[in-house]
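Bear in mind these aren't lab numbers, they're just calculated from the coordinates by the rules spelled out. Model, not experiment: these values are computed from the prediction. Here the Cβ positions follow ideal geometry from the backbone for every residue, glycine too, while neighbour counts run over all protein chains shown.
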Amino acid sequence: MVSVTSDARGAQRSPSPVKASSHGTPTTPSPNYRQLREIARAVRRDILLSITEAGSGHPGGSLSEADILVALYWCVLRHDPRNPAWGDRDRLILSKGHACPGLYTVLAHRGYFPKADLSTFRKLGSHLQGHAKMGTPGVEMSSGSLGQGLSFGVGVALAGRLDGRSYRTYVLLGDGECDEGQVWEAAMSAAHYKVDTLTAIVDRNRIQNDRFTREVMELEPLDAKWRAFGWRVLEIDGHSFPALLRALRQAQETEGQPTVIIARTTKGKGVSFMENNPAFHGRAPTKEQLAQALGEVGFSRAEASAAMKELGFPEAKIAEWTGLMPEG
């Protein structure tokens, strides 16, 4: 179990032993990267379980964004799962809303709602639908059409400025989403108004829908484009916690302009047959593929069984699915 420090309002800031500043940014020189990697591993496991149970969903982009979300929710964001509407919380806006299994899993692991809710993903009556929507604890924007999140984030950040609040706003974008003109209108606006409390993060996994981004619309030089629009640009390995936390700290320290972090990631990270495979942009694995994927992410049959039990799976399904995994 990860221990968490709290401020006077009970807002969660970071896992021990990573301490946090007033905005939740790590200040210790040696965060527990091993612990963060273990959290991300569990997040990937539960992403795979929830999508397989639903029989539909978007595993590729959910797996590629996992490390980014873990870095934010365990080390950076000022937030309170017991009070999701806390006015001074930092905001995370998932613009690539189809990758909501990643966000849902992280929110469940942070205590915004029971982990067992993850097994209801995309089911009738569940608050965890195929696109994130407001009303689900911790979700800041209802998503659907791509390209809207950055505009929303600019508005949220400007509202904080007008209200005299100190929160920061983070927007997680897909790279294919950067084909949308609205993204660049928002980028121009953020630079014009010098919204330095805004950080955009581009999940640069190089795949959109059923093709590679270069086949749909060449984005490169992506860093130069953002720089030309007046943003500070940081390009990093999006699966490296040291690089992620360093870039997020640099973004917080930037004054007078917004920051974009171009996080180079692998679509389907951690699962061999999903990695760099456009076919798994929006396709659920079979139970046989799930068994292989859980093993590749690093879980034994017993560990997978325990996780499925925690997520509320019936015993018969636990036995059936984990029975396809090697013993040990």
Roughly how big is segment 4-322's charge dipole about its Cα centre, with Cβ charges of +1 (Lys, Arg) and -1 (Asp, Glu), in debye to the nearest 20? 600 debye
Can you tell me the 0 to 90 degree angle between the C-alpha axis of helix 287-297 and the longest principal axis of the chain, rounded to 10? 60 degrees
Along the dipole axis of segment 4-322 (charges at Cβ: +1 for Lys and Arg, -1 for Asp and Glu; origin at the Cα centre), the most positive-end residue among Q208, G147, V76 is V76
Would you indicate which of (i) 31, 23, 18; (ii) 37, 24, 22; (iii) 33, 32, 19 is the value of semi-axes √(5λ) of the Cα gyration tensor in Å derived from the coordinates of this structure? (i)
Given a Förster distance of 45 Å, the FRET efficiency implied by the Cβ-Cβ spacing of A302 and T254, rounded to the nearest 0.05, works out to 0.45
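How much length is gained if the chain between K123 and K287 is pulled fully straight, taking 0.36 nm per residue apart and subtracting their Cα-Cα distance, in nm to one decimal?
57.2 nm
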Gained length - W86 relative to H192, 0.36 nm times residue gap less alpha-carbon distance: 35.3 nm
A319 and D163 label points (each 7 Å along its Cα→Cβ direction) are spaced in nm at 5.2 nm
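Place a +1 charge on the Cβ of each Lys and Arg in segment 137-250 and a -1 charge on the Cβ of each Asp and Glu, then give the dipole magnitude about the Cα centre in debye, rounded to the nearest 20.
Working: 13 positive and 16 negative charges, 116 e Å.
Dipole of segment 137-250, to the nearest 20 debye: 560 debye.
When Lys and Arg each count +1 and Asp and Glu each count -1, what net charge do the other residues less than 15 Å away from E215, Cβ to Cβ, add up to?
On the way: positive: R206, R211, R214, K267; negative: D175, D179, D210, E218, E220.
So the environment of E215 carries a net charge of -1.
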Between F212 and S145, 0.36 nm times their residue separation minus their Cα-Cα distance comes to what? 22.2 nm
Paramagnetic reach from S272 (point 7 Å along Cα→Cβ, amide N under 12 Å) across segment 288-328: 292-293, 295-297
Going down the table (K115/K194; K133/K194; K133/K267; K194/K269; K123/K269), which pairs top 32 Å between alpha carbons? K115/K194; K194/K269
Label model pair R246, K309: point-to-point distance (7 angstrom along the Cα→beta-carbon line) in nm is 4.2 nm
